[in-house]
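S.K.: This is the structure I want to talk about, given as structure tokens.
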Amino acid sequence: MGEFSQIEVKILDRLTEVIDGKLESIGYDNSEKDRMLYSTCLNDDEKYKFTKKEIKKLQKKIAKCNSNIAGYISAFLNKYELEHHDGDFYSYRERICRNFISNYYEGIEQLAEEYTLLEKVEQEDEMYFEAVLNDELYSFDKNEIEDFIKYMVYAQRLSTFRSILESVEEEKKKPKADAIIDKMKADHKERESQKTKDELSATLDNLRGQQISSVQLFKIIKNITKLEKDALEYLKDDIGWYLWSMKTAQECFYSKEQTERAYKKIEEKYTKEKQLELGYLKKTKFFFEEEYEDPEEPIYIDKEKLLFPNEFTSIKELITIIDKELNKLESISVENKTNNIKPDMYSQYNNDINEEVLLVEELEKRLAIEAVEYKKNCDDLWETYTFDPKYFDTYISGDLYNMFLKSIYEKVKPLNDFEINKYLTLSVNQFKTHTPEKRAEAFKRIYHDTYWHPNQMEYKANEYDNKYAMHVWKHYTNHFHLFKEATENVLQDFKKGLIGTGKKTSNEPNQKRFDNKQFDTLNSSWDYPLNNDYKWCKMILDSFKTQFDKDNPIDYFKTQFNLRSDVFSENRFYNLCRENTVNLKKAFIEIRDNDNKLPLVSTSLMEQVYSCQYVFKKEVKNLFEEKKKVEVEIKTENFDSIIIALNTLIKNTSINTGKENVIQKNLKDLVSDEKYAYIIKLLEDLSITVNGKSIVTPRKKGALRGVVEALRDKMIVPNIGIASLCNVMAKQIDLELKSELDASTTSENYKKQTLEYIKNNPLQHS
């Protein structure tokens, strides 16, 4: 490892910001909670006891820290090192984080290869770097990073409590003789008048050396704690202290000679290996629940097993029962969160909607609800949920878009033609007045009100919350045109007589008409018209609901084409369907061959297939637990039956008129001169080519697919099949393609880079 380059240093800075930002956020939350707990204390004495108890708890937690992280935690807690940094706690913490993340120099070097300019690193979304730290492709150890954050949080809190304790101790040193004497007298009087007996110690003393039934032990726990979570946790800690201290004291009752005599009998009877197996010899020690190795005594005699094996059996069983009860309470808590969060918020949302709310306002509310739900899951259930910076890009263009289309048709169903026209016309106009640029500040307030629902909280600008809200809004802005165009299309369908209750508005002989009932019964009708890969794949996956025999798929896709014939030619529609079915089959096979689980590196296409209930049926205990059972509902033959049906339709189609029917020889045949020049420059700037020739390695050929997808999405190249476009582009840059380029992590990364490039360097039309 040599010296970091400027780009690598900047990447290190951005990754450090992510880690330090998390520590800052969690530290703020902890400080608020601690202030609340302090406020419940009646006096300074209670606060002092509370502080010492919390310090003890944190010390026990930090003892679990592994050796790879221990050095950083130790340095962070070293107040003398902090003083060398002029006592600047925040800069010192940032330095610790930076030193830790710099050890992942391989991942930093990998990341640096994706950037050619320092400015690109600076402009990158912070949440992207957050996702990178969870991506093992970049040689980052997700578990170790999470452990570092966890123990740094403990250390942060410990440092705070230590400083509080030190200040209290300093205060005690001040001359307050009279006050001290008066307090001592008062304390003595109180102790004499009402001495509290330690009933727990007496109970535990009585249990020593006895074999007590589990039922009786459970009754003891229930009487003491009423099976309340906090009481159980306190009881477990108290029993742990008792067990450790009493075991230590019990060992002192036996002399060295007594221990040696007892062990000699065991040594004569068993080999070393057998002694280790039976527990007479141990390699690790325990401090409460913390297991550790003692370098001074790598193998030691377990005196409890040797000299008093039954002394604390019942007391250990108490801890086992407490753990079981705590696990039950934790399961109930998680299940309640799962069942209650979303329904409450959506029911209130539905109550808030009235006749006057038009489509854009409804869309903003739905987006705010999802944003709140996703954030609460990531904050409250952080061990289960990992923030995905691409989540809202997929959600808005997929689920939200489908929900939006469905809501339009559901809204207009009960209305007469006059009301439909009014509602749709006003909604279309609202898309002109409620643009993302004009509504950004309004959305911050909508997000704030949704987050605090049902409480009414005054809106105050908060940098952290607003940053998250604007992250969501950025993705909404990118897809705003989809919702606008969809609404305009529905209005045009109404004017053509395709929806509504009245007569046709046109006398054209070939005009098709579908009423609301037909839209309800036809699969994927809410995806009309199809305009992205997600909807194509969803439509085909939906066909598996009932279309398993070899003849039905033909009727199914003929019906789908009838719905979309005003947008697609027959040949083009069937060819696109076949292309996507083949890709779905490949994704299905890869998941199936991976024990019905998503591969470690999965594509968005694989995720669509895996989440489809008609393909993979999943039995889950609750939302936040790992899936218990996955069953494959269909076979590869089912994909083949659809492919055969589509091949038949393509073969029987009359003279094809779609653009893909004409095999283009080169890129210039597909695009205008200005677009051709723009594409050539883009390929050079993204380091796909040098002097017009490909320089991508065989492992990174997927980059070409990512570029092609982005160019097609932005309508810089014609909307024809991905495979055809890839072949044309590969031929242009002398890149050999032996097979079709499947979607991959590489293609997704380059698609993102290309879209960013197009955004920053828009095509100038003459």
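The values are calculated or read from the model by the stated rules, or taken from the named source; none is laboratory data. Keep in mind that this is a model prediction, so the values were computed, not measured. Here Cβ is always computed from backbone atoms with ideal geometry, including for glycine, and neighbour counts include all displayed protein chains.
S.K.: So if I check each of L725, L755, L711, L737, which one is out of contact with any His (no Cβ under 8 Å at 6 or more places or on another chain) and not in a helix (DSSP H, G or I)?
M.R.: The match here is L737.
S.K.: Determine if segment 99-116 includes at least one residue that is crowded, with 16+ Cβ neighbours inside 10 Å, assigned to a helix (DSSP H, G or I), among the small types (G, A, S) and touching a helix residue (DSSP H, G or I) at 6+ places or on another chain (Cβ under 9 Å).
M.R.: yes
S.K.: Would you be able to tell me the number of residues in segment 614-671 that are modelled with pLDDT of 80 or more and in contact with a strand residue (DSSP E or B) (Cβ under 7 Å, 6 or more places away or on another chain)?
M.R.: Total meeting the criteria: 6.
S.K.: If I ask for residues that are over 20 Å from the mean Cα position of the chain (by Cα) and among the hydrophobic types (A, V, I, L, M, F, W, C), which ones from segment 456-494 would you list?
M.R.: The answer is M457, A461, F480, L482, F483, A486, V490, L491, F494.
S.K.: A follow-up question, please. Say we look at segment 211-267 and pick out the residues that are assigned to a loop (DSSP other than H, G, I, E, B) and surrounded by 11 or more Cβ atoms within 10 Å (Cβ to Cβ); which of these is nearest to the chain's Cα centre (by Cα)?
M.R.: Top of the filtered list is E228.
S.K.: Kindly indicate whether L737 is at pLDDT 90 or above and not assigned by TED's automatic domain parsing to the domain that holds Y115.
M.R.: Numbers: at pLDDT 90 or above: no; not assigned by TED's automatic domain parsing to the domain that holds Y115: yes.
Spelling it out, it is not the case that L737 is at pLDDT 90 or above and not assigned by TED's automatic domain parsing to the domain that holds Y115.
S.K.: Another one. Suppose the filter is acidic (D, E), under 26 Å from N575 (Cα atoms) and either surrounded by fewer than 19 Cβ atoms within 10 Å (Cβ to Cβ) or out of contact with any strand residue (DSSP E or B) (no Cβ under 9 Å at 6 or more places or on another chain) (or both); does E674 pass it?
M.R.: So E674 does not fit the description; no.
S.K.: Determine whether K142 is out of contact with any helix residue (DSSP H, G or I) (no Cβ under 6 Å at 6 or more places or on another chain), within 23 Å of D237 (Cβ to Cβ) and not assigned by TED's automatic domain parsing to the domain that holds L600.
M.R.: It is false that K142 is out of contact with any helix residue (DSSP H, G or I) (no Cβ under 6 Å at 6 or more places or on another chain), within 23 Å of D237 (Cβ to Cβ) and not assigned by TED's automatic domain parsing to the domain that holds L600.
S.K.: Another question, then. Taking E169 and the conditions (1) modelled with pLDDT of 70 or more; (2) assigned to a helix (DSSP H, G or I); (3) loosely packed, with under 14 Cβ neighbours inside 10 Å, which numbered condition does it fall short on, given that it satisfies the others?
M.R.: Failing condition for E169: (1).
S.K.: Among the listed residues K438, K432, K422, K444, identify the single one that is crowded, with 18+ Cβ neighbours inside 10 Å and on the phi < 0 side of the Ramachandran plot. Walk me through how you get there before you give the answer.
M.R.: On the way: K438 fails: crowded, with 18+ Cβ neighbours inside 10 Å; K432 fails: crowded, with 18+ Cβ neighbours inside 10 Å; K422 fails: crowded, with 18+ Cβ neighbours inside 10 Å.
Just a single option satisfies the conditions, and that option is K444.
S.K.: Suppose we keep only residues that are touching a Phe, Trp or Tyr at 6+ places or on another chain (Cβ under 7 Å) and assigned to a helix (DSSP H, G or I) within segment 585-599. Which one would you say is farthest from F616 (Cα to Cα)?
M.R.: So the residue we want is K585.
S.K.: Any chance you could count how many residues in segment 709-721 are in contact with a helix residue (DSSP H, G or I) (Cβ under 6 Å, 6 or more places away or on another chain) and buried (at least 17 other Cβ atoms within 10 Å of the Cβ)?
M.R.: Count: 6.
S.K.: Also, quick follow-up: Condition check: at pLDDT 85 or above, farther than 22 Å from W452 by Cβ, exposed (fewer than 15 other Cβ atoms within 10 Å of the Cβ) and not charged (D, E, K, R). Does N416 satisfy that? It would help to see each step written out before you state the result.
M.R.: Numbers: at pLDDT 85 or above: no; farther than 22 Å from W452 by Cβ: yes; exposed (fewer than 15 other Cβ atoms within 10 Å of the Cβ): yes; not charged (D, E, K, R): yes.
For N416, the condition - at pLDDT 85 or above, farther than 22 Å from W452 by Cβ, exposed (fewer than 15 other Cβ atoms within 10 Å of the Cβ) and not charged (D, E, K, R) - is not met.
S.K.: Then there is this: Considering segment 377-405 alone, what residues qualify as being free of Cβ contacts under 8 Å to residues at least 60 places away in the same chain and over 22 Å from H481 (Cβ atoms)?
M.R.: Of everything in segment 377-405, those that are free of Cβ contacts under 8 Å to residues at least 60 places away in the same chain and over 22 Å from H481 (Cβ atoms) turn out to be N377, C378, D379, D380, W382, E383, Y385.
S.K.: OK, next. Filter segment 367-392 down to the residues that are at pLDDT 80 or above and among the aliphatic types (A, V, I, L, M) and list them by number.
M.R.: L367, A368, I369, A371, V372 - these are the residues of segment 367-392 that are at pLDDT 80 or above and among the aliphatic types (A, V, I, L, M).
S.K.: Provide a single number: the residues in segment 62-99 that are acidic (D, E) and at pLDDT 85 or above.
M.R.: Residues meeting the conditions: 1.
S.K.: Mind telling me which of the residues W526, W473, W452 ends up being at pLDDT 90 or above and of a type in the set (A, V, I, L, M, F, W, C)?
M.R.: Values: W526 fails: at pLDDT 90 or above; W452 fails: at pLDDT 90 or above.
Just a single option satisfies the conditions, and that option is W473.
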